[in-house]
Amino acid sequence: MSLIRKLSVLVVAAMAMGSVASHDYGDALTKSILFYEGQRSGKLPSTQRMTWREDSALRDGSDFGVDLVGGYYDAGDNVKFTFPMAFSITMLAWSVLEFGNSMGSDLQHSLDAIQWGTDYLLKATDVPGVVFAQVGDPYGDHNCWERPEDMDTPRTPYAVSKEHPGSEVSAEIAAALAASSMVFRHFNQTYSALLLNRARMVFEFADEYRGSYNDSIGPWVCPFYCDFSGYQDELVWAAVWLMRATRAPFYWSYVLANIQNLDKTSSFAEFGWDAKHAGINVLVSRLVKSQAPYSPEPFTTNADRFVCSVLPESQTVSVSYSPGGLLIKPGGSNLQRPAALSFLLLVYSRALRRDNRVVRCDNVVAKPSRLIQFARSQVDYILGSNPLNMSYMVGYGNKFPEKIHHRGSSLPSVSQHPQHIDCNGGDPYFWSDNPNPNFLTGAVVGGPDIQDYYSDSRVNFVHSEPTTYINAPLVGLLAYFKTH
Ligand SMILES: *[C@@H]1O[C@H](CO)[C@@H](O)[C@H](O)[C@H]1NC(C)=O
Ligand SMILES: *[C@@H]1O[C@H](CO)[C@@H](O)[C@H](O)[C@H]1NC(C)=O
Ligand SMILES: *[C@@H]1O[C@H](CO)[C@@H](O)[C@H](O)[C@H]1NC(C)=O
């Protein structure tokens, strides 16, 4: 009797801590990839599984004599911002390169998600010396609440060129194409070679004509995807990916010569569409040592410092944590940060294990298992192990965001409501208290505030909007935890 009572006390205690809640990582993985189908622009294939979406933006580029049909809508709007789109593709490709073995039947869907992006990046870089950095007038788009299928806002393309350069967007495209070329090497050598060849050309353009797209097309990319951290990091990041894909010594020399240009003080705990420094250090550390002429410094020292800037027990931690344990940094769409930083920690744990190393943060010793445990805690929080017991992935778990800031999801589908809904015609749906009629399954939103509170409000885009770059690193994390 007393034993049973003790056991039930234990069970209750464990439940209250929320730590025993085990998640269906496989289900979350499937959904995290499905999300990309909801963001597709262009002519949808017969294999489209998210069927409430239909063809859209079929004339992108045509007024200017170019074919810019396809690619991804960035977030809850219908603009195609190439800079964050390319970063999302780089991260999907890295997810597959590291964790593709754990994806099972979702591997093919991941490849499709990558190729939907790379096919577009090939179009955006088809004219030598020109890179299309954006399609869609962001002011026209943001002023309307319209389905992509109804769009009648200006689909203006914005390009960078030799005279008006944009090294960050161009180099990120080169990184995405180089990483993806490695993914496709095993599946289609012709396509892989096409991607790699283009990656080299676009990198050359980015490097030779240096400048920030802030100064070339700033009024349209800012304040949405203004380049704050400069373009030096993207140039080195692209060179590392090209080094991995080609093994050409030129790229390694380039990395060593240019790594010094990066600001060493500000970006250790930063990794996302704008800031690649921590990603560079982890990516280089992950390369096998036999891959001459690889040398580990300064990359592993910097990667160690990155770890110490993230782990909550470290004295040099430079990120914040909510009471429920979620990593928080200033700025919108916060869940991109726990996702991307956890991805790096997980990848770095593999480098540490291979090299039989630990990370020393002053008197705190972080073993590889601690990095993995940390990454898992962030993933679990996102999936529902948090004070609200709420999943931040649409369609995963019992309780998840229902009023996400997403035009297509919040309006009735074209098959339910065939009549055109114009720019202001969507307003009643935007202001409605009803849940969105279409599930953007797998979308992970910006997430809760620093007090673990989430209001589930369409108006509050900082917290309720999904983006392509929140999901991309999660795809890799979920694949790993599905099998470990
Ligand atoms: C491989 O890629 C090439 C170039 O994109 C394409 O034409 C071909 O259809 C692809 N082959 C397969 C089997 O998918
Ligand atoms: C881009 O513009 C923003 C905002 O004006 C500025 O803070 C940033 O330093 C600029 N970046 C570059 C690389 O010039
Ligand atoms: C979350 O779940 C735990 C354990 O079941 C419960 O004790 C707690 O009250 C729940 N919190 C909310 C906000 O529902």
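Any read-out appearing in this document is the output of simple, stated calculations on the displayed coordinates, not a laboratory observation. Not measured: the values here are computed from a predicted model. Cβ placement follows ideal geometry from the backbone for every residue including glycine, while neighbour counts extend to all protein chains displayed.
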### Query
With charges set only on the Cβ (+1 for Lys and Arg, -1 for Asp and Glu), what does the dipole of the chain come to about its Cα centre, in debye to the nearest 20?
2180
### Query
What whole number of Å gives the distance from the Cα centroid of segment 74-101 to the Cα centroid of segment 204-247?
16
### Task
About the Cα centre of segment 299-393, how large is the charge dipole given +1 on each Lys and Arg Cβ and -1 on each Asp and Glu Cβ? Please answer in debye to the nearest 20.
280
#### Entry: Cβ-based exposure ranking for V365, V317, in which fewest neighbours within 10 Å come first
V365, V317
### Query
Once phi is turned into θ = phi - 60°, what whole-Hz ³J(HN,Hα) does the Karplus curve with 6.51, -1.76 and 1.60 give for every residue of segment 305-317, x standing for Gly and Pro?
5, 4, 4, 5, 7, 9, 4, x, 7, 7, 6, 9, 4
### Message
Placing unit charges on C-beta atoms (Lys and Arg positive, Asp and Glu negative, everything else neutral), compute the dipole magnitude of segment 132-253 about its Cα centre in debye, rounded to 20.
### Response
760
### Task
Calculate one ³J(HN,Hα) per residue across segment 171-186 by plugging θ = phi - 60° into the Karplus curve 6.51 cos²θ - 1.76 cosθ + 1.60, and present them in order as whole Hz with x for glycine and proline.
5, 5, 4, 4, 4, 4, 5, 5, 4, 5, 4, 5, 4, 7, 3, 7
### Query
Where the Cα atoms of the chain are projected onto their three principal axes, how long is each span, largest first, in whole Å?
78, 58, 38
### Query
Which order results if T316, T51 are arranged by neighbouring Cβ count within 10 Å, fewest first?
T51, T316
### Query
Zone of D24 (label point 7 Å along Cα→Cβ, backbone N under 20 Å): which residues in segment 447-477?
474-477
### Query
If you build the Cα gyration tensor of segment 395-460 and take the root of 5 times each eigenvalue, what three semi-axes come out, in whole angstrom, biggest first?
24, 14, 8
## Note on the structure
For the Q451, N101 Cβ pair and Förster radius 45 Å, calculated FRET efficiency rounded to 0.05 is 0.70
### Query
Which of the listed residues, M390, P466, P330, is farthest toward the dipole's positive end in the chain, when Lys, Arg count +1 and Asp, Glu count -1 at the beta-carbon?
M390
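State which entries of K31/K399; K43/K80; K276/K329; K80/K403 exceed 20 angstrom in Cα-Cα distance in the structure shown.
Beyond 20 Å between Cα atoms: K80/K403.
Please give the contour-minus-distance gain from D427 to N460: 0.36 nm per residue of separation, less the Cα-Cα distance, rounded to one decimal in nm.
Once the chain is fully extended between D427 and N460, it gains 10.4 nm.
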### Message
Can you give me the Kirkwood hydrodynamic radius for segment 291-375, using every pair of distinct Cα atoms, in Å to one decimal?
### Response
13.5
### Task
Within 10 Å of each residue's Cβ, count the other Cβ atoms and sort Y73, Y209 from fewest upward.
Y209, Y73
### Cut-off 14 Å between beta-carbons: net charge of the residues surrounding V475, Lys and Arg +1, Asp and Glu -1
-3
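Quick one: if the Förster radius is 41 Å, what FRET efficiency do Q419 and S161 give, using the C-beta to C-beta distance and rounding to 0.05?
0.50
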### Query
Along segment 109-114, what does the Karplus equation 6.51 cos²θ - 1.76 cosθ + 1.60 (θ = phi - 60°) give for ³J(HN,Hα), rounded to whole Hz, x for Gly and Pro?
5, 5, 4, 4, 5, 5
### Query
If we sort 138-148, 277-287 on the protection proxy, mean other Cβ atoms within 10 Å, highest first, what's the order?
277-287, 138-148
### Summary
Summing -39500 (n - 2.57) over every DSSP H run of at least 4 residues in the chain and dividing by its residue count gives a helix-only mean residue ellipticity at 222 nm, to the nearest 500 deg cm²/dmol, of -15000 deg cm²/dmol
### Query
Put +1 on the Cβ of every Lys and Arg and -1 on every Asp and Glu Cβ in segment 131-239; which of P148, L194, A206 then has its Cα farthest towards the positive end of the dipole?
L194
### Summary
Within the under-13-Å Cβ sphere about L29, not counting L29, Lys/Arg +1 and Asp/Glu -1 give a net charge of -1
### Task
Note down the relative contact order for the chain as a percent, whole number, built from C-alpha pairs under 8 angstrom at least six residues apart.
20
